[in-house]
1. Using θ = phi - 60° and the Karplus curve 6.51 cos²θ - 1.76 cosθ + 1.60, what whole-Hz ³J(HN,Hα) does each residue of the stretch 66-79 get, with Gly and Pro shown as x?
2. Applying 1/(1 + (r/R0)^6) with R0 = 30 Å to the Cβ-Cβ distance of Gln75 and Ala48, what FRET efficiency is obtained, to the nearest 0.05?
3. In debye, nearest 20: dipole of the chain around its Cα centre with unit charges on the Cβ of K, R (+) and D, E (-)?
4. Report the FRET efficiency, 1/(1 + (r/R0)^6), for Tyr131 and Val16, where r is their Cβ-Cβ distance and R0 is 45 Å, rounded to 0.05.
5. Roughly how many nanometres apart are two label points built 7 Å out from the Cα toward the Cβ at Val109 and Arg96?
6. What list of ³J(HN,Hα) values in whole Hz, one per residue of the stretch 80-91 in order, does the Karplus curve 6.51 cos²θ - 1.76 cosθ + 1.60 (θ = phi - 60°) give from phi, with Gly and Pro shown as x?
7. Nearest 10 degrees is fine. How inclined is helix 95-109 to the longest principal axis of the chain, computing both from alpha carbons?
8. Compute the long axis of helix 115-132 from its Cα atoms, compare it with the longest principal axis of the Cα atoms of the chain, and write down the angle in degrees, 0 to 90, nearest 10.
Amino acid sequence: MSAINPQILSVIVAGVISLLVSTLVAAWTQRTKLRSDYDSALRTERLAEYRKLWALTETLGWYGNHQISQKIAKQLLADFDRWYFENGSGLLMSNRSVNAYEELLLALVQFDGDVNSLRKLGTKLRYTLAYDVGGRNAPLLQRQSRKDNQEHDVLVANRGKKSDK
């Protein structure tokens, strides 16, 4: 039996390695594209549905003359519930947004006249919705500084304190 020519063997090994590497790169590229497409579709759907939820929180805004009574709190609760279930919009929410949403619903159920706590929870929900769709971010080519984020967090935390009244 004759030995395989070393040059032929090296060509075969190089071909197999090349095929293996190109297959792995193609699989990784396809998977990355699928993830990107899924993320893009999810963000597009979220944006459409989150806009509707955002509009429902108008009464909880800090500015304007929005009065909140027990009756209005119950109506908001019904409106939020309808938004969540009617078209399956709740399926699109991230864990962070669902937590903020449920926190607000619980406060509406237990509403005791403390309007500022409802407004804070409404702000928290809107903040998480904006975060989910990439809102309030600097353009991708321009990074937002940590200081900008901290200043915004302080502003949100201080809303409803005596200086705002």
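Bear in mind these aren't lab numbers, they're just calculated from the coordinates by the rules spelled out. The structure displayed is predicted, hence computed values, not measured ones. Here Cβ is always computed from backbone atoms with ideal geometry, including for glycine, and neighbour counts include all displayed protein chains.
1. So the Karplus estimates, Gly and Pro as x, are 8, 8, 10, 10, 4, 5, 5, 4, 5, 5, 4, 4, 5, 5 Hz.
2. Once rounded, the FRET efficiency stands at 0.80.
3. Working: 23 positive and 17 negative charges, 91 e Å.
Rounded to the nearest 20 debye, it is 440 debye.
4. Working: r = 47 Å, r/R0 = 1.04.
In this case the efficiency is close to 0.45.
5. For Val109 paired with Arg96, the spin-label model returns 2.5 nm.
6. The phi angles translate into 5, 4, 4, 4, 5, 9, 4, 10, x, 4, x, 5 Hz.
7. With rounding to tens, the tilt is 20 degrees.
8. 20
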